[in-house]
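Taking it in order: structure first as C-alpha cells, then the write-up.
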Amino acid sequence: YSIFHANKFLLGTPLSTGGVVTRYDYPALQMLLLIPSVIFHFNPNYITLTFYAVIPFILYFRREDKLTFLLFLLFYLLDINYRNYAEGGVTTMDWLIFALLSLLSKDVRKKGIFYGLAVSVKQTPFALLPFYIVYLYKEGYSVLKFLAYSVLTFLLINAYFIFLSPTYYIQGILYPITAPLVGISMSVSTYSIAGFFYIYPKFFTLALAIVA
C-alpha cells in the first residue's frame, strides 16, 4: 500500500476480526509480475488489464467459428463491467492466461510449464489439478512428465521464497482459506454479506466438495 500510496482501508480485504489483510498471501509470481510497475512508476492495474486484453485473442485464433467469436469479443472488450472486474482483480486474468496456454498447448512439456506458471501466480488453479490429470490421462499425455515440468517451473519461481521461510510461505499460501476474511463476493454469499443471515465458511467448502 505504501509503495503505490493506496489506502489499505479502502482497497484492502477486510477481516471479520477488524482491520484489513496486510500480509502477502499469494505465490511469488503474483508479486514478480508487478515489479515493472514499481520500477517504472505506473499503475499496476495496467498489467492486469494487459492480461485481460490478450486472453480473447488467444481464444480467437483457436476457434474455427470466427464470426461467433468476434461477437463475443466485441462484448468482452467493450463491456465496462468486464474491464472493471479485471482491473480490480476480481476475475484474476493473470493466472488464467497461463492456464489457457497450458490447455491449448499440444506439447506436454509446455502444458506443464504453463500450468506451473499458473499456480505460481495464484492458488485457484490448484483446484483444477485433479480434473486436469484425468483429462491428460484420457488424451494420452504423460501425466508424470506434466507433473515434473509443473513442479520444476513452480520451484524455479518460488524456491527462493520457500527457502527464506517455509513456515511463513505455507501460512501465506493457506491464508485465504484460514484467515477470518469478510466474504466480498456474489451469488449465495451476498445474503451473508448483506446481513440477512450468516453463512459459515464450512458451507462453501462442503458445496465445493459436492460439486467436484
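Each value in this text was obtained by applying a stated rule to the coordinates, not by laboratory testing. Being a predicted model, the structure only gives us computed values, none of them experimental. Glycine gets a Cβ as well: all are built from the backbone with ideal geometry, and neighbour counts include every protein chain shown.
Below is a table of values for the structure above.
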| read-out | value |
| --- | --- |
| Calculated FRET value between residue 156 and residue 204, using beta carbons and R₀ = 25 Å, to 0.05 | 0.15 |
| Longest to shortest principal axis, alpha-carbon extents of region 99-152, angstrom | 28, 18, 18 |
| Label-point gap, in nm, between residue 49 and residue 197 - each point 7 angstrom along Cα→Cβ | 4.2 |
| Förster-model FRET efficiency, 30 Å R0, residue 79 and residue 190, C-beta, rounded to 0.05 | 0.90 |
| Residue 57/residue 138 FRET efficiency (R0 45 Å; Cβ-Cβ; nearest 0.05) | 0.95 |
